[in-house]
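Notes to accompany the following structure.
Just so you know, all these numbers are worked out from the coordinates, no wet-lab data involved. None of the values given here were measured: they were computed from a predicted structure. All Cβ positions, even for glycine, are placed from backbone atoms using ideal geometry, and neighbour counts span all protein chains on display.
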Amino acid sequence: MRKIQMVDTKNQYLAIKPEVDQAIQEVLDSAAYINGKAVKDFAQNLATYLGSDYVIPCANGTDALQIAMMALGLEPGDEVITPSFTYIATTEVVALLKLKPVFVEVDPITFCMDVESLKKAITPKTKAIVPVHLYGQAAPMEQIMEIAKANNLYVIEDNAQAIGCDYTFSNGFTKKTGTIGHIGATSFYPSKNLGAFGDGGALFTNDKVLADKMTMIANHGQSARYYHDVVGCNSRLDSIQAAILNIKLKHLDRYNAARQKVANYYNAAFDSVEEIITPGEANYSTHVYHQYTIQLNGVDREAFITHLAAKEIPCMIYYPVPGHLQKMFGEQKNINWNLPVTDQLTTCVCSLPVHTEMDEVQLSYIVEGVKSFFK
Ligand SMILES: *Cc1c(COP(=O)(O)O)cnc(C)c1O
């Protein structure tokens, strides 16, 4: 049996090596390492795939979130509502820009932003909402957009874990996640569903004014060469990464289907295990399973992890410390956030291996290994 890993980027590469190698070689031959043709092609191809008017590539997903917030012209002290149960990048950039993160709950079934908690968190200082499509499934965007509209708020979707996910509105209309809010931000970190061979990120929008602003901010606030109109940053996707992503984008739907297949296998196998709560699927969203995250019900999680480790089955806790309890939010440390669902989830979640290169031998070994803990 092939060694089990949380992700297997090596074998994923080997399966498409000739195509990828050729694309990289073309960049080397062109010597256009920055802003080469591959970058423009990729932005165009991704825009077509997503059905988004504008795609602005940048250096990573964290930069994408930061550039989005800079483009909205938020002022220090403005409040930005985000779930506490997410990767730190979502909230870190809020604090970096001297905005105030306001943490809300997630739904215990979908792990995505809880609408009631969102409604309660809105104050006259609220300017933006950042829903996260955590683990590969959409936040309840239709309701979030209605709330945003009623309160005149911007919505930035953190789509780093859900590229390719489809959201279905109550009228049956479907959109890709990341294209529903005012801005979508994503990451091409190697382990993401669409991963580069290094860092990368992108912004999506249908708003030309915002698109121009974000393009300018990502390029030193430059409007014409050496004319800098606003304070920006330097955030580029390089040509080699873009060339690789161009190839991998063609395989994205197949990759996501492979992840869904793994999830279906686990779901069927764990259905009969009382101590395991399998991930819930929302009726409004597909699930591209960036992570397959179970909840352990009345189980010693440390003992469970040790049991799996002894069988060389890796697993991860995403995330052990919620945003509202991180030391970095110093000033807010004494606020009583009261997020019981989030606190509870951090104690009981456990993500099992899910990636595009898993085979039945590995899957059945993992399932047996997991089940043997409960016997
Ligand atoms: C990966 C990730 C990011 C950040 O992406 P980087 O490319 O690593 O900067 C942001 N938000 C979420 C939810 C992520 O999973």
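Taking amide H positions as placed in the peptide plane 1.01 Å from N, state which residues far from Asn193 in sequence (5 or more) or on other chains have amide H under 5 Å from it.
For Asn193, the qualifying residues are Ile163.
I'd like the Karplus ³J(HN,Hα) series for region 213-226: coefficients 6.51, -1.76, 1.60, θ = phi - 60°, whole numbers in Hz, and an x wherever there's a Gly or Pro.
So the Karplus estimates, Gly and Pro as x, are 4, 5, 4, 5, 4, 5, 10, 6, x, 8, 9, 9, 3, 6 Hz.
Could you pull the Rg and Dmax for region 312-355, using just the Cα atoms, both in Å?
Answer for region 312-355, Rg first and Dmax second: 13.4, 41 Å.
Find, among the trypsin sites (Lys or Arg not before Pro) in region 111-197, those assigned to loop by DSSP (not H, G, I, E, B) with at most 16 other beta-carbon atoms within 10 angstrom.
Lys125
Compute the convex hull volume of the Cα atoms of region 252-372, divide it by the residue count, and report the result per residue in Å³ as a whole number.
It is 148 Å³ per residue.
Tabulate in residue order the Karplus-calculated ³J(HN,Hα) for region 24-36, using 6.51 cos²θ - 1.76 cosθ + 1.60 with θ = phi - 60°, rounded to whole Hz; enter x for Gly and Pro.
5, 4, 4, 5, 4, 5, 6, 6, 8, 6, 10, 6, x
Per residue of region 285-293, what does 6.51 cos²θ - 1.76 cosθ + 1.60 with θ = phi - 60° give for ³J(HN,Hα)? Whole Hz please, x for Gly and Pro, Karplus curve as stated.
Working through the residues one at a time gives 9, 7, 10, 9, 6, 4, 10, 10, 10 Hz.
Counting other beta carbons within 10 Å of each Cβ, put Thr90, Thr356 in order, fewest first.
Ranked by crowding around the Cβ, least crowded first: Thr356, Thr90.
Could I have the simple spin-label model distance between Ala310 and Asp343, label points 7 Å from Cα toward Cβ, reported in nm to one decimal?
3.3
Per residue Cα convex hull volume for the chain, in cubic angstrom?
So the per-residue hull volume is 141 Å³.
Please report the base-10 log of the normalised intensity I(q)/I(0) for region 39-136, using a Debye sum with one equal scatterer per alpha carbon and no solvent, at each q in 0.14, 0.17, 0.19, 0.25 (1/Å).
Here log10 of I(q) over I(0) equals -0.60, -0.84, -0.98, -1.24.
Skipping prolines and chain starts, which residues have an amide H placed within reach, meaning under 5 Å, of the one on Ile129, given they are 5 or more residues away or on another chain?
Ile81, Tyr154, Val155, Ile156
I need the calculated FRET efficiency for the pair Glu19 and Asn336, taking r as the beta carbon distance and R₀ as 56 Å, to the nearest 0.05.
Efficiency at R0 = 56 Å is approximately 0.55.
Going through the cross-link list Lys125/Lys192; Lys192/Lys213; Lys10/Lys371; Lys98/Lys120, which pairs have a Cα-Cα distance over 24 Å in this structure?
Beyond 24 Å between Cα atoms: Lys125/Lys192; Lys192/Lys213; Lys10/Lys371.
How high is the relative contact order of the chain, in percent, counting Cα pairs under 8 Å that sit 6 or more residues apart?
Across the chain, relative contact order equals 22 percent.
Which of Met141, Met328 has the fewest other C-beta atoms within 10 Å, and how do the rest follow up to the most?
Placing the least packed residue first, the sequence is Met328, Met141.
Can you work out the PRE-style zone for Ser191? Point 7 Å along Cα to Cβ, and I want the residues of region 88-106 with backbone N under 17 Å.
What the label zone holds, given the 17 Å backbone N cut-off, is 88-90.
Quickly work out the Val273-to-Ile88 label distance, labels modelled 7 Å from Cα along the C-beta direction, and quote it in nm with one decimal.
3.0
Placing +1 at every Lys and Arg Cβ and -1 at every Asp and Glu Cβ, with all other atoms neutral, what dipole size does the chain have around its Cα centre, in debye to the nearest 20?
440
Pop the C-beta distance of Tyr365 and Phe169 into the FRET formula with R0 = 45 Å and round what comes out to the nearest 0.05.
Efficiency at R0 = 45 Å is approximately 0.65.
In the chain, what % of DSSP beta bridges are antiparallel (nearest 5)?
Given both bridge residues lie in the chain, the antiparallel proportion sits at roughly 65 percent.
Can you pull the one-decimal nm distance between simple spin-label points at Lys120 and Cys233, each 7 Å off the Cα toward Cβ?
Going by the 7 Å Cα→Cβ label model, 3.2 nm.
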